[in-house]
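None of the figures in this text is laboratory data; all of them are computed from the coordinates on show. None of these values were measured; they are calculated from a predicted model. Neighbour counts run over all protein chains shown; Cβ positions are idealised from the backbone, glycine included.
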Amino acid sequence: MKINIDLSRTAITAILISLALVYPLLWLKMLADPTQHTGADFIAFYAAGRIANQEGPSHAYDLILQKKYQEGVVQREIELQETFPYIHPPFVIPLAQIVSNADYLKSFQRWAMLMLLLFTAGIPFLIAPARKFFSQPQTLIFAAGIFLFFPIFQSLLLGQDNAIIFLGLSLLMWGTYAKKDWAAGLGLSLATVRPHFAFFLLLPFLFQRRAIFGWFLLFVFALTLFSFGVVGTDGLKGFLHILTVSGSGEGYRTSEENMVNLIGLLRRLFPFLSAALIRSAGWAFYGLAFFSTGVYLWRNHTSPSGDEISLAIVAALFFSPHTHAQDLVLLIAPIMAVILILLERQRIQPAQAVLIPLAISLLLLFSYYSPILTHSIPYLLMAGLFFAVKQYKALPAKP
C-alpha cells in the first residue's frame with residue numbers, strides 16, 4: 001500500500017509540475033506570435049466589444065462592421081468569409097465591452113483573466129459532491145487537477161467563452177447532487193451560451209425533477225430580458241440571423257474538418273463527399289440523437305443524476321453540428337460522475353481518484369501535438385467515459 005501511495009504522490013507531483021510549466025509557455029508563445037493571437041477566436045469577441053462601445057450594442061452582430069474591426073487588428077483587408085463571426089448570445093456582449101479597448105493584445109489578456117475567474121468560480125461547486133471522500137490536501141490537489149484540465153487551457157488560449165458553460169455545468173452538477181433546484185436551473189440557463197449543447201442538457205429534467213426545468217425557464221427569461229436590454233430588437237434579430245450564417249457551415253472560419261464531432265469525423269473519413277451532404281447528415285443525426293436520448297431518459301424513469309447528465313453531454317458533443325476541442329471542457333462532468341461512482345462504491349482510493357483528471361489532461365496535451373491523436377483521442381474519451389459511467393453504475397459497493 002505504501003508503494004502505491006508513494007507512486008500516486010510521485011505521479012501527481014510530476015503531472016502538476018508538467019502542466020503548470022507547459023501551459024504558461026504555450027500562452028507566452030501565443031502572445032508573442034501575431035499570427036496566433038490575431039487568428040484566435042477572441043478576435044470575434046473583441047470586434048463585438050469594440051462595435052458595442054463605438055457603434056452601439058445593437059450593431060454587434062453586423063458582419064460588415066465585424067469585418068472592419070477585425071481588419072483593424074490584422075492590419076490588412078480580409079474577405080467577408082474570412083471574418084470570425086460573433087455568434088454568441090447578447091448577454092456575453094457586456095463582458096466583451098468591459099475588456100476591449102484600442103489595444104487588442106491587452107484586451108485579450110484581460111479577457112483571459114476574466115474567463116479564468118469564471119472557471120475558478122465554478123470549481124468549488126463542481127468538486128463539492130466529492131469533498132466528503134477527500135482529506136483537505138487531497139481536495140486541494142483535486143481542485144488543482146480540475147483547474148489544469150487541458151480543455152480549460154485550450155479555451156483560454158483561443159480566447160473563447162467556455163468558462164460560462166463550465167460555470168453553468170458546475171452549478172448544474174452541484175444543484176443536482178445537493179438537491180438545490182435553483183442552482184441547477186441557473187446552471188442550465190448559463191449553458192445556453194451554447195444552445196446546441198443546452199438542448200441536450202435539458203432532457204434529463206423534462207421528465208423528472210421538473211422544478212429544475214421551472215427554475216431554468218425563470219433564469220432564461222431573465223437572461224432574455226437582459227439581452228433585450230443590451231441589444232434591443234434589432235440586435236436580437238441580428239443574433240438570430242448570424243446563427244443561420246454559422247449553421248450553414250460555409251466559410252466564416254467554421255473549420256468543420258477540425259471538429260471533434262460526427263461531422264468532423266465524416267469530413268476526415270470521406271473527403272470525397274460534398275460538405276453539404278455531410279452537413280445535412282450531421283444535422284439529421286443531431287435531431288435523431290436528440291429524440292433518441294429523450295426517449296431513453298423518459299423510459300428510464302429515474303431521478304436525474306451524474307449518469308443521465310453524462311449521457312446527455314456525450315450525445316451533445318458527438319452529434320452537435322459544432323464541437324471543437326475546447327468544447328471538451330464539458331467532459332469534466334462525466335469525469336466527475338465516474339469518480340463519484342467509483343468512490344461511493346469503494347472501487348478506488350481517494351489518492352488515486354485525484355489522478356484521473358490530471359492523467360486525462362496529460363493525454364490531451366500529448367494529443368495536441370499530433371493531428372492523428374487530436375482527431376482520435378476525443379472520441380475515445382467520449383466513448384470511454386460514457387461506458388464507464390454505465391458500467392460502474394451497476395457495480396455493487398465493496399463489502
- Note on the structure: Here the residues of region 146-168 lying in the modelled label zone of Thr374, meaning backbone nitrogen under 17 Å from a point 7 Å along Cα-to-Cβ, are 150-160
- Message: Longer than 27 Å from Cα to Cα, which of Lys179/Lys390; Lys180/Lys237; Lys132/Lys390 are they? Say none if no pair is.
- Response: Lys180/Lys237
- Query: In whole percent, what relative contact order does the chain give with Cα contacts below 8 Å and a gap of six or more residues?
  - Reply: 19
- Residue order, fewest to most beta carbons within 10 Å, for Ile356, Ile98: Ile98, Ile356
- Query: Of [x] 70, 44, 40; [y] 67, 46, 45; [z] 67, 52, 47, which is the value of Cα extents along the principal axes in Å derived from the coordinates here?
  - Reply: [y]
- Task: Determine the dipole magnitude for region 122-393: charges of +1 sit on the beta-carbon of Lys and Arg, -1 on that of Asp and Glu, nothing else is charged, the reference point is the Cα centre, and the result goes in debye to the nearest 20.
- Result: 620
- Message: Within the chain, which is the longest segment that contains none of the GluC sites (Glu not before Pro) sitting in a DSSP loop with at most 11 other Cβ atoms within 10 Å?
- Response: 80-399
- Task: Going by C-beta contacts inside 10 Å, put Asp234, Asp62 in order with the fewest on the left.
- Result: Asp234, Asp62
- Task: Treating cross-link reach as a plain straight distance, find the aspartates and glutamates whose alpha-carbon is under 12 Å from the alpha-carbon of Lys393, omitting any fewer than eight places away in the same chain.
- Result: Asp307, Glu308, Glu344
- Item | Positive-end extreme of charge dipole, region 122-393 - chosen from Ala276, Ser376, Ile341 (charges on Cβ) | Ile341
- Item | Positive dipole terminus of the chain, leading residue within Leu262, Pro85, Gly168 (C-beta point charges) | Gly168
- Message: Straight-line reach from Lys29: which lysines fall under 21 Å, measuring Cα to Cα and dropping same-chain residues less than 8 apart?
- Response: Lys106
